[in-house]
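Have a look at the structure below before the remarks.
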C-alpha cells in the first residue's frame with residue numbers, strides 16, 4: 001500500500017473536530033438522544049395528529065418550532081454519523097452507526113409524516129388565510145412551498161412504507177456504492193492507489209503517466225463493473241417506480257420541484273448549453289495546437305500546458321492564505337467566517353486510504369456549524385476546490401444564522417452559487433497579480449476547463465442521466481455496454497470531435513456518485529456557474545455596493561423562491577436571455593485565451 005499522499009503538503013494532519021456533536025462513536029449521549037427523539041416524536045404526534053386543519057396561526061407556529069427542535073437534534077446525530085463514515089467508509093463500526101441512524105431516522109420520519117400530509121389536505125381557502133397571517137411570516141414560505149407537492153402525495157400508510165423500505169432499498173444501495181467505490185484500488189506501476197490518487201495523475205505533464213493512469217482507472221472499474229452496473233439498474237428502476245406511483249410526468253420532475261426550478265427554466269438552461277458546445281471544441285482544438293499533438297485523447301483533457309512556471313505545488317498554508325486573501329479583498333466579513341473553518345477545525349483535508357473521494361461542505365444543523373471535506377494534494381485545482389467548498393460553508397453559515405432551520409437549507413440550484421463565486425474570487429485575484437503572460441495563459445486555460453466541467457460537462461452528464469433513465473424505463477435492465485453507449489454518445493457530443501474519447505472511457509460513468517445519491521442533481525452546477533458569471537459582471541459594474549446585496553442573498557437561505565431572492569442582487573431569472581449572458585462570458589474567455597496564445601506562442605500559429 002502506498003502512502004496516503006506522496007508529497008507532504010501540510011494537510012496530512014488537517015482533521016475535523018466533531019466534538020460539537022459527541023465525544024466519540026461510543027458516547028452514551030448518542031443513545032440517550034436517540035431515545036429522547038423517539039419520545040419527542042411521540043409527544044408531537046399525540047399533540048397534533050388529526051388537528052392540523054383546526055390549528056390557528058399561533059398554534060401552527062408552535063408546531064413548526066417543535067418540529068425544528070426535533071429536526072435539529074436528529075440532524076446532530078445524522079451529521080455525526082455521516083461525517084465520521086465519510087473519512088473511513090470501510091470501518092464496520094462507522095458503517096453500523098450510519099445504518100442505525102438511518103433506521104432510527106426512518107422511524108422518526110414515519111411518526112411525523114402525518115403533519116405534512118394533514119397540512120396539504122387543509123382546505124385551500126383556509127390555507128391561504130393562514131399563510132396571509134403575519135404571525136406565520138417566519139414559516140410562510142416553507143408551508144406555501146410544501147403545498148406544491150399536493151398532487152404527488154400518497155396516503156400516510158404508503159408514505160410510511162416508502163420511508164421504511166428506503167432504509168433497505170435506495171439508502172442501502174447508495175451506501176454500498178460509496179463503500180464499493182471508496183474501497184476500489186487501482187493498479188499503477190505495482191502500487192495500489194485509491195480513486196483520488198489515481199485520478200490525480202490525469203493532471204500530470206507527462207502524457208505516458210496520464211495514459212497509464214487512464215488505463216488503470218478503466219481496469220479498476222472493469223473489475224467491479226458487474227456490481228456497479230447492478231446498483232445503477234436497481235436505483236434507476238426504484239426511481240421509476242416512485243415516480244410512477246407519485247404521478248411525476250418525467251424522471252427529472254421531482255428534482256425540478258425540489259430545486260424550485262420550473263421545467264421551462266431548466267429546459268432553457270439545457271438548450272442554451274448544448275447549443276453552444278462549439279465553445280468547448282474551440283478550446284480543445286487550441287489546446288491540441290499548444291500541446292503539439294496530432295490528436296487529443298480523453299486522458300489529455302486535463303493536461304497542463306507546457307509552461308514550467310505554471311506547474312506549481314501549493315502547501316496547505318499557502319492555499320489557506322490565497323483563499324482567505326481573495327475573500328478578504330471582496331468582503332472582510334466573508335473572510336472572517338472562512339477563517340473560522342481553519343482555526344476551529346471545521347475542515348478535513350488529509351488524504352486517507354478509505355476516505356470518500358471528492359469534496360463537500362455539510363451544513364449540518366443551526367445549533368452546530370458547517371463542516372468541509374476535501375482531499376488536498378497540493379495542486380492548483382485543490383486550491384480552487386478549497387475556495388469552492390468554503391463558499392458553500394460561508395453560505396451555509398450565513399443562512400443558518402439568519403433563518404429558521406426550515407428556511408436554512410437552500411435548493412441545489414442556488415446552493416452552488418456561493419461556491420462557484422468563491423472560485424471566481426480566487427481565480428480573478430491570482431490572474432490579476434500574475435505578471436507572466438505565459439502563466440496567465442495557463443491559468444486561463446485551467447479556469448476554462450474548470451468552467452467547462454461545471455457547465456458543459458454537467459449538462460452532458462444530465463443528458464446521460466436522461467438517456468439512462470429513459471432507456472431503463474423503456475428497455476428494462478441495461479447491460480454495461482448499453483449504459484456505456486449512452487455515456488459515450490452524450491460525452492462525445494460535448495467535444496464535437498476535438499477530443500477522441502476512446503471506447504475504454506465508456507466505463508467512466510460507473511464511479512460518479514451524484515448519479516446514485518442525487519439523481520438529476522448535476523444541472524445545478526451549470527445553473528450555479530452561469531448565475532455566478534452574471535453576478536460577477538454585476539460586481540464588476542457596481543463594485544463595493546454589490547457586496548452587501550450579495551451577502552443578503554446568501555443570508556436569505558431558502559426563505560423565498562430563488563427568483564425573488566436573486567432579484568435582491570439585480571438578477572432576473574425569468575429573462576430568456578439570462579443563460580445566454582453566462583454563455584457569452586465563457587465565449588469571451590475562450591477568445592481571450594486564443595488571443596493570448598498567439599501572443600505567447602506566435603510560432604505555433606505562423607501558418608494559420
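The values are calculated or read from the model by the stated rules, or taken from the named source; none is laboratory data. Note that the structure is predicted; figures quoted are calculated from it, not measured. FYI the Cβ positions are ideal-geometry reconstructions off the backbone, even for glycines, and counts take in every protein chain you see.
Restricting attention to region 199-214, which residues are crowded, with 16+ Cβ neighbours inside 10 Å and either farther than 19 Å from residue 380 by Cβ or more than 24 Å from the chain's Cα centre (by Cα) (or both)? Full working, then the answer.
Let us first name the residues in region 199-214 that are crowded, with 16+ Cβ neighbours inside 10 Å, namely 199-204, 209-214.
Correct list: 204, 209, 210, 211, 212, 213, 214.
For the list (1) touching a residue at least 40 places away in the same chain (Cβ under 8 Å); (2) farther than 21 Å from residue 409 by Cα; (3) touching a helix residue (DSSP H, G or I) at 6+ places or on another chain (Cβ under 7 Å); (4) surrounded by fewer than 23 Cβ atoms within 10 Å (Cβ to Cβ), I need the number of the one condition that residue 470 fails.
(3) is the only condition that residue 470 fails.
Does residue 331 satisfy the condition of being in contact (Cβ under 8 Å) with a residue 60 or more places away in the chain and in contact with a helix residue (DSSP H, G or I) (Cβ under 6 Å, 6 or more places away or on another chain)? Lay out the reasoning, then the answer.
Working: in contact (Cβ under 8 Å) with a residue 60 or more places away in the chain: yes; in contact with a helix residue (DSSP H, G or I) (Cβ under 6 Å, 6 or more places away or on another chain): yes.
Considered against the rule, which asks whether it is in contact (Cβ under 8 Å) with a residue 60 or more places away in the chain and in contact with a helix residue (DSSP H, G or I) (Cβ under 6 Å, 6 or more places away or on another chain), residue 331 comes out as yes.
Collect the residues in region 18-48 that are surrounded by fewer than 14 Cβ atoms within 10 Å (Cβ to Cβ) and either touching a strand residue (DSSP E or B) at 6+ places or on another chain (Cβ under 6 Å) or not in a helix (DSSP H, G or I) (or both), keeping them in residue-number order.
19, 23, 24, 26
Residues of region 236-256 being in contact with a helix residue (DSSP H, G or I) (Cβ under 6 Å, 6 or more places away or on another chain) and either part of a loop (DSSP other than H, G, I, E, B) or under 22 Å from residue 411 (Cβ atoms) (or both), which ones? Write out each step before concluding.
Here is the first cut: in region 236-256, the ones in contact with a helix residue (DSSP H, G or I) (Cβ under 6 Å, 6 or more places away or on another chain) are 236, 238, 240, 246-248, 251, 256.
Listed by number, the residues that qualify are 246, 247, 248, 251, 256.
Take region 176-221 and flag every residue that is part of a strand (DSSP E or B) and in contact (Cβ under 8 Å) with a residue 60 or more places away in the chain.
Here is the first cut: in region 176-221, the ones part of a strand (DSSP E or B) are 186-188, 191-193.
Listed by number, the residues that qualify are 191, 192, 193.
Among what's in region 419-467 and is free of Cβ contacts under 8 Å to residues at least 40 places away in the same chain and not in a helix (DSSP H, G or I), pick the residue that is farthest from the chain's Cα centre (by Cα).
If we take residues in region 419-467 being free of Cβ contacts under 8 Å to residues at least 40 places away in the same chain and not in a helix (DSSP H, G or I), then 435 is farthest from the chain's Cα centre (by Cα).
Looking only at residues in region 599-608 that are more than 14 Å from residue 305 (Cα to Cα) and in a helix (DSSP H, G or I), which one is nearest to the chain's Cα centre (by Cα)? Before you say what the answer is, go through the steps one by one.
From region 599-608, those more than 14 Å from residue 305 (Cα to Cα) are 599, 602-603, 605-608; that's our starting set.
With the extra rule that they be in a helix (DSSP H, G or I), the set shrinks to 599, 602-603, 605.
Values: 599: 37, 602: 40, 603: 42, 605: 39 Å.
Ranking the candidates gives 599 first.
Restricting to helices (runs of 4 or more DSSP H) lying wholly in region 510-598: which have 1 or more residues that are at positive phi? Reasoning before the result, please.
Details: elements: 514-517, 523-542, 546-555, 562-566.
Because the criterion is at least 1 residues that are at positive phi, no helices (runs of 4 or more DSSP H) in region 510-598 meet it.
Quick one: residue 7 ticks every box in (1) at pLDDT 95 or above; (2) out of contact with any strand residue (DSSP E or B) (no Cβ under 7 Å at 6 or more places or on another chain); (3) assigned to a loop (DSSP other than H, G, I, E, B) bar one, so which box is it?
All conditions are met except number (1).
Quick one: how many residues across region 311-321 are touching a helix residue (DSSP H, G or I) at 6+ places or on another chain (Cβ under 7 Å) and surrounded by 20 or more Cβ atoms within 10 Å (Cβ to Cβ)?
Looking only at region 311-321, we keep the residues that are touching a helix residue (DSSP H, G or I) at 6+ places or on another chain (Cβ under 7 Å), and these are 312, 314, 319-320.
From the residues that got through so far, the ones that are surrounded by 20 or more Cβ atoms within 10 Å (Cβ to Cβ) too are 314, 319-320.
Number satisfying all stated conditions: 3.
Six or more apart or on different chains, Cβ under 6 Å: which pairs go from a residue in region 383-397 that's more than 23 Å from residue 565 (Cβ to Cβ) to one that's not in a helix (DSSP H, G or I)? Could you list them?
Cβ pairs passing all conditions: 383/314; 385/359; 385/374; 386/374.
Only one of (1) at positive phi; (2) at pLDDT 95 or above is not met by residue 250, so which one is it?
(1)
For the structure I just gave you, tell me whether residue 269 is modelled with pLDDT of 95 or more, surrounded by 19 or more Cβ atoms within 10 Å (Cβ to Cβ), part of a helix (DSSP H, G or I) and on the phi < 0 side of the Ramachandran plot.
Numbers: modelled with pLDDT of 95 or more: no; surrounded by 19 or more Cβ atoms within 10 Å (Cβ to Cβ): yes; part of a helix (DSSP H, G or I): yes; on the phi < 0 side of the Ramachandran plot: yes.
No; evaluated as a whole, the condition is false for this residue.
Sort out which residues of region 127-153 are in contact with a helix residue (DSSP H, G or I) (Cβ under 6 Å, 6 or more places away or on another chain) and in a loop (DSSP other than H, G, I, E, B), and write them in order of number.
133, 153
In region 357-383, what residues are closer than 15 Å to residue 347 by Cα and in a helix (DSSP H, G or I)?
Passing the criteria: 382, 383.
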